[in-house]
Amino acid sequence: MRKALLAACLGLTAWLLPQAAEAQTPKRGGHLTYMIAADGGPSLDGHRETTYAVLHATAPFYSVLIRVNPENPSSTTDFTCDLCTEMPKPSADELTWVFKIRQGVKFHDGEPLSAKDVLASWQKIVSPPAGVASARHASFGMVESVTSPDDETIVFKLKFKTMSFLPSLADPWNFIYSKKRLEQDMHWYEKNILGSGPFKLDTFTIGQSVKGVRNPDYYWPGQPYLDGFTAIFAPKQSVRVEAIRADRAAMEFRSMPPAAVEQLNKELGDKVVTQSSDWNCGNVLTPNHKVKPFDDVRVRKALFLAIDQWKGAQALSKIAVVKTVGSIVFPGSPLAATKEELEQLAGYWPDIEKSRAEARRLLKEAGQENLTFDLLNRNVDQPYLIVGTWILDEWSKIGVKATQKVVPTGPWLDAMRSGNFTVALEANCQNIVNPIADVNRWMPYNVNQENFAGFLDPTMIEIYSKLVPETDMTKARVLMRQLEKRINDEAHQLMVTFWYRQVPMRSYVKGWKISPSHYLNQDLANIWLDK
Amino acid sequence: MSTTVPTMGLPAAVDASLALRPTVWMRCLRFVRREPLGTFGLALVIVMAVTGSMAELIAPYNPTANDFSAMTEAPSWAHLLGTDQFGRDLLSRLIYGARTAMIVGLSSALVGGVIGLVLGVGSAYFGGLIDLVMQRIFDIVMAFPLIILALAVVSIFGTGVQNVIIAITIPLIPRCARVVRSSALAIREIPYVDAARACGFSHSRIILRHMVPNVMAPFLIMITASVGQAVLAEASLSYLGLGVQEPVPAWGLMLQGGAEEYASTAPWIAIFPGLAIMLSVLGVNLFGDAMRDTLDPKMRNR
Amino acid sequence: MYLYIIKRVLLVIPTLIGAAALVFLLMRLIPGDVCVIRLGSSGGTFDPKAVALCHQELGMNRPIWVQFFDFMWGIVRFDFGTSMWSGKPVTTEIWARLPVSLEIALLGSVLATVIAIPLGTLSALRQNSWLDVFVRVFAIGGIATPSFWLGIISLLIVLDLTSFFLGAAWMPPIDYVPFFEDPIRNLSMVLLPAITIGYRYSAITMRMTRSTMLEVMREDYIRTARAKGLIHKLIINRHALKNAMLPVVTLIGIEFAFLIGGLVVTEQVFNLNGVGRLFVQAVQNQDYTLTQALVMMTVVVFVFCNLVVDLLYAWLDPRIRYS
């Protein structure tokens, strides 16, 4: 397992361009103002929420057990301790993981943090009591129990060994809360912030901003470098671009489309730098298998074959937050398909004319030459509407006349959940790169209730049940290809272009490194200002 | 999305100029001479109507075809107004957009206007409880924020052109009905309606023959004002993501994604659709004002 | 007169009930709900059980008539409950956003009135002069320009101008500070949005001033006054303007209620944490309680403005109150 991880790590550093590391010593002081590309989130409880609006506003206040290495966040396999003292080796059967907890850590109210607090937090995440919501509860299906034999130790016992355990554990939402507060009220953290992270809460202005000040008792030596930060909610993109230009804010951490990056480069020159990375998000084309004629594999396949992903992704990368062609696994992961492997799949053929000829033939064979339908899409520009508009034009090239039915987020989700659509453009956006867990979203609805394509496929389940407990990277890779091929052969669903994250920021911001997800590496502890 | 309710005094007397009836041409000529701004407005409206209805003949390109080899190109001889982010010809999209604007503007103004006319006249004529109830309903719809109505319509039916029209039409109805009602009330008090009733004429005959023609002036003014408002409302809905959707060429939609992202790097994407909206609404309003001045008897003899 | 007032005030009640029922129904007709959005809007995986739990917490699994009764009973007690999205009391949510919206609305209306009334009057006095043509085009231009477009373009112009002349681009702050804490920062933030909002507002007022002035100028008593040789200026000040102001004041009142609609868009463009933006958020998140409260708030403002206007008219024109 360690070997596999190491190999994966090496492979990955070669794949993702590492940021040129500047050998500068961080400076203390300064105040960072950044924007959150959303309106204020729902509750403040990271365990129950899923929108980054919450995470970007709260992560600097909290510690976690383990995390993606903040100095190497683009790696998909490099996990390091935050509150633990050393990354543990599992027991021989890979079922027991023992973490030693750092001593002398204090919550912002001065109370000491012990393994009991870590335990209480993890129990809330893994096995929440009745009436308490845990959004990622389902990703801990492998956990048998969490226990704490003493004040310094946390033990995770697993039901089966799996590669997906560590990434799930390093999920950035798994904040450590105070046991005392949780015992008083399990919902206390929905309205309050109290952690042990690099920053203490200063003020929270409803709907507008969050301010944090340096935590002098922080346990990582020297950190945090900033005296404080202000995070401003700014949902409109034009405002965010202009704010960076006028230095009202230094950056936003999510992503900006190419036109905005280009504009900032043009206007600010060397006063702005941009970090970019493939993104563990993408759009998924989901035909509703329960609706005629999409119950016919030929029709579904024809729709996929009509799309020129290679040329499209390249062109769209100039106008939308997309870039890389990929399939069910994040392109930067060692488990992802190579370009040669992809080109075997329907919808990825290198010869688009041949592909479209085949699409037309399939439609004719299925008697659907004059196919017309609505593509269900979400009223979000980047990149849903751009990708959707592009796909419609691609389909028109094989004679399919589709129109877009664009609805706001709520009705869009509802239409998919209730099966009230013909073909939908969905999003697939996972936080930490965890391929084994991530591919669960492609599984038929008897395994994953939230797959709206509405198909059953025992073969897929069979492959997946072998994949989950597989800890050998080579074998897992083979199984992953089988799964991918099965999904594609049956034309269940199609991944269309992975998103591409570009974060332009004022060049005085140093120390932060981009990762494949806008959820990762957001505690701001290693950021410093060179002013 | 508010309405400027023109202050209407007494309704136009139908037979104001019966004595000497000038020919249509003479009337037009007089309109042109006395209302240069109104004529300019009318000219803008005619240009819009002609380009919209003959889009296929005029537009140099297919308005929905993507061309990835010509993305965000500045205006040139090949693309007179440049291209948008999908490489689509802006001029062609503007020309087809005129059609969408006309469809949205005219149909919501006409449908909203006619329903408003019927309800307004009916409410004024029957009076009593019917009037009271209708008034409350108008109040509710007028006070209700458009965005909620629009969101409800769009969420339930989706964002087609016809649904946008529905969303825009609903709030127009009570505004039109209000204006028509107040004019109709004044007429109702005039003895000849009572006389007509005494003669035993049917309700429909009295309403159609006597009341409707007399509220025509405010009604027409209201409708012209509504056309402009509908075009603007479509743009505002698009800005909130509830308007007409890609790839349908529509001005408001063109202003939404493009205007924000490319306002600085490719300003033509933002400027031309904005100008198109401004000019068309300006045209409709100038024409409407001139028509009010011409139709309103108080304004006539100046 | 008292009878009329009582009758008119009582008529407000059915309007309010109707609006409450309408918003309650419409919000629930929109497919999807706050829980689904809360967990699913990021496109990640989530536990379906969490949705059910969320429904239960928010009382959304109760029969619809119970929910409606709850809502109406809340209105009677001025208790709008807690926001389904943030869990905070609805009043807290609205209160936090009110200052910035009010400030912009007020400043915008003051700017608009100060510009519109003199210009409108002048334009009426010099009917068909170049000034008149200019004012009319300027006014219709204000009505014809989509306000978000105006906002975006004016912001860009400010950025480009400052970047050209000062070397560094400047824009208004994007987080609100109350006036009494930092007046300069506060004003630099609200001025541009107020102008954007005020332009449209002033355009409408200007048109109204002009047309009512024209009408009043033709009234007999003004003609008489003129004939009697009163100084032209005095007539305008004392008689014409005073009478022309009534519909204008009415319009300003009603338009003030409509400003909320203008705020929806302008607050987005300038990133102002105001009521308009809250409205969009509440609707987008399908936050029933917050949307209901906000709709009721705008409806009440609208109905109140109309009530005042009606009473004012009744007071001025006896025919109305006896009909």
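The values are calculated or read from the model by the stated rules, or taken from the named source; none is laboratory data. Note that the coordinates shown come from a computational prediction; the quantities given were computed from them, not determined experimentally. For neighbour counting, all protein chains shown are included, and Cβ atoms are generated from backbone atoms with ideal geometry for every residue, glycine included. When the accessible area is computed, the model is the full protein with side chains, heavy atoms only, and any ligands, DNA or RNA have been set aside. Shrake-Rupley method; radii C 1.70, N 1.55, O 1.52, S 1.80 Å.
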> Between A:GLU183 and C:LYS49, how many nm apart are label points set 7 Å from Cα along the C-beta direction?
Replying inline: 2.5 nm
> Any idea how far apart C:ARG62 and C:LEU3 come out in nm if each label point goes 7 Å out from Cα toward Cβ?
Replying inline: 4.3 nm
> To the nearest Å, what is the center-to-center distance of region A:265-342 and region B:114-176, using C-alpha atoms only?
Replying inline: 44 Å
> So, in nm, how far is label B:CYS28 from label A:THR474 when the simple model puts each one 7 Å beyond its Cα toward the Cβ?
Replying inline: 8.8 nm
>> With θ taken as phi - 60° and the coefficients 6.51, -1.76 and 1.60, list the Karplus ³J(HN,Hα) couplings across region A:169-178 in order, rounded to whole Hz; mark glycine and proline as x.
In response: 5, 8, 3, x, 7, 7, 4, 9, 9, 7
>> If you count only protein heavy atoms with a 1.4 Å probe, what accessible area per residue comes out for region C:14-173, rounded to a whole Å²?
In response: 45 Å²
> Span-like helices, chain A: DSSP H, alpha-carbon axial extent 18 Å or more, mean Kyte-Doolittle 0.0 or greater, which ones?
Replying inline: A:2-15
>> Could you work out what % of the accessible surface of chain A is carbon and sulfur, using a 1.4 angstrom probe and leaving DNA, RNA and ligands out of the count?
In response: 51 percent
> If you plug each phi of region A:198-203 into the Karplus form 6.51 cos²θ - 1.76 cosθ + 1.60 with θ = phi - 60°, what whole-Hz ³J(HN,Hα) values come out, in order, with x for Gly and Pro?
Replying inline: x, 10, 9, 5, 9, 9
> Setting aside same-chain residues fewer than 8 positions from A:LYS27, which aspartates and glutamates have a Cα under 12 Å from its Cα?
Replying inline: A:ASP227, A:ASP530
> What is the mean number of Cβ atoms from other protein chains located within 10 Å of the Cβ atom of each residue in peptide C:51-62, rounded to a whole number?
Replying inline: 2
>> Just checking the output field for A:251-263: average partner chain Cβ neighbours within 10 Å of each residue's Cβ?
In response: 3
>> What number comes out for accessible area per residue over region A:122-195 if the probe is 1.4 Å? Units Å², please.
In response: 37 Å²
>> Summing both sides, how much accessible area is buried between C and B? Use a 1.4 Å probe and give Å² to the nearest 100.
In response: 4700 Å²
> Mind checking the alpha-carbon convex hull of the protein assembly as shown and giving the volume per residue in Å³?
Replying inline: 195 Å³
> Per residue of C:12-20, how many C-beta atoms from partner chains lie within 10 Å of its own C-beta, taken as a mean?
Replying inline: 4
> With each run of n ≥ 4 DSSP H residues scored as -39500 (n - 2.57), what mean residue ellipticity at 222 nm is computed for chain A after dividing by its residue count and rounding to the nearest 500 deg cm²/dmol?
Replying inline: -8000 deg cm²/dmol
> For C:ARG126 and C:LEU10 in the same chain, what is the full-extension length gain: residue separation times 0.36 nm, less their Cα-Cα distance, in nm?
Replying inline: 37.2 nm
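How large, in percent, is the carbon and sulfur part of the accessible surface of region C:2-76 at a probe radius of 1.4 Å?
Carbon with sulfur: 75 percent of the solvent-accessible area.
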>> Under 13 Å between alpha carbons, and skipping anything fewer than 8 positions from A:LYS301 in its own chain: which aspartates and glutamates qualify?
In response: A:GLU358, A:GLU365, A:ASP489, A:GLU490
> Hey, can you rank C:297-304, B:191-198 by average C-beta count inside 10 Å, highest first?
Replying inline: C:297-304, B:191-198
> Counting only heavy atoms of protein chains, what accessible area per residue, in Å², does chain B have with a probe of 1.4 Å?
Replying inline: 40 Å²
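Can you show me the helix-derived [θ] at 222 nm for chain B, built from DSSP H runs with n ≥ 4 at -39,500 (n - 2.57) apiece and divided by the number of residues, rounded to the nearest 500. Walk me through the intermediate numbers first.
Numbers: 13 runs with 207 residues, N = 302.
Result for chain B, helices only: -22500 deg cm²/dmol.
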>> Just to be sure I understand: if you take the accessible area of chain C alone plus chain A alone and subtract the pair, with a 1.4 Å probe, what total do you get in Å², rounded to 100?
In response: 4300 Å²
> In square angstrom, rounded to the nearest 10, how much accessible surface does A:ASP308 have for a 1.4 Å probe?
Replying inline: 20 Å²
>> Given a 1.4 Å probe, show me the residues in region C:161-210 buried by at least 30 Å² of accessible surface when comparing the whole protein assembly to the chain alone.
In response: C:ALA169, C:MET171, C:ILE174, C:ASP175, C:ARG200, C:ARG207, C:MET208
> Any residues in region A:43-83 that have 10 Å² or more less accessible area with all protein chains than in their chain alone, probe 1.4 Å, and which are they?
Replying inline: A:SER43, A:ARG48, A:GLU49, A:THR50, A:THR51
>> With both bridge residues required to lie in the protein assembly as shown, what share of the DSSP beta bridges run antiparallel, to the nearest 5%?
In response: 75 percent
>> Using the Cα atoms of region B:117-215, I'd like the radius of gyration and the largest Cα-Cα distance, Dmax, both in angstrom.
In response: 16.6, 52
>> Ignoring ligands, DNA and RNA, please state the percent of accessible area on chain B from carbon and sulfur, probe 1.4 Å.
In response: 71 percent
> On alpha-carbon atoms, Rg over Rh for chain B using Kirkwood Rh?
Replying inline: 1.05
> Given a cut-off of under 8 Å on Cα pairs at least six residues apart, what relative contact order in percent is computed for chain A?
Replying inline: 22 percent
>> Ordering C:LEU25, C:LEU159 by accessible area with a probe of 1.4 Å, largest first, what comes out?
In response: C:LEU25, C:LEU159
> How high is the FRET efficiency between A:ASP150 and A:SER91 when r is their beta carbon distance and R₀ equals 22 Å, given to the nearest 0.05?
Replying inline: 0.75
> Taking region C:2-76 as the region of interest, what is the percent of Cα-Cα pairs per 10 angstrom bin, listed from the shortest bin to the one with the maximum distance?
Replying inline: 15, 35, 25, 14, 7, 3, 0
>> Please list, ordered by chain and number, the residues whose modelled amide H lies under 5 Å from the amide H of A:LYS106; skip anything fewer than 5 residues away on the same chain.
In response: A:LEU113
>> Give me, ordered by chain and number, the residues 5 or more places off A:VAL272 or on other chains with an amide H under 5 Å from its own placed amide H.
In response: A:SER507
> For A:ILE398, what is the net charge nearby, where nearby means another residue's Cβ is under 12 Å from its Cβ and Lys, Arg count +1, Asp, Glu -1?
Replying inline: +1
>> For the interface of B with A, what's the total buried accessible surface in square angstrom, probe 1.4 angstrom, rounded to the nearest hundred?
In response: 2300 Å²
>> Test of understanding: in a Gaussian network model of chain B with alpha carbons linked when under 10 Å, which of B:SER202, B:SER108, B:SER226 would top the mean-square fluctuation ranking?
In response: B:SER202
> Which value, in Å² rounded to 10, gives the accessible area of A:LYS191 with a 1.4 Å probe and all protein chains present?
Replying inline: 130 Å²
>> If you take every residue apart from A:GLU365 with its C-beta less than 11 Å away from the C-beta of A:GLU365, what net charge results, scoring Lys and Arg +1 and Asp and Glu -1?
In response: +2
> Around B:ILE269, with a cut-off of 13 angstrom between Cβ atoms, what is the net charge of the other residues, counting Lys and Arg +1 and Asp and Glu -1?
Replying inline: -3
>> Run the reach check for A:LYS466 against lysines, Cα to Cα strictly under 23 Å, same-chain hits fewer than 8 apart removed. What comes back?
In response: A:LYS3, A:LYS157, A:LYS159, A:LYS161, A:LYS475, A:LYS485
> For C:LEU312 and A:VAL213, FRET efficiency with R0 = 45 Å and r from the beta-carbon atoms, rounded to 0.05?
Replying inline: 0.25
> region A:420-482 to region A:119-171: how many Å between their Cα centroids?
Replying inline: 22 Å
>> Applying a 10 Å radius around every beta-carbon, put A:317-328, C:88-99 in order of their mean neighbour count, most first.
In response: A:317-328, C:88-99
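If I take R0 = 25 Å and measure r between the Cβ atoms of C:ILE184 and A:LYS266 in this structure, what FRET efficiency does the formula 1/(1 + (r/R0)^6) give, to the nearest 0.05? The partial results should precede the final answer.
Values: r = 31 Å, r/R0 = 1.23.
The computed FRET efficiency comes out at 0.20.
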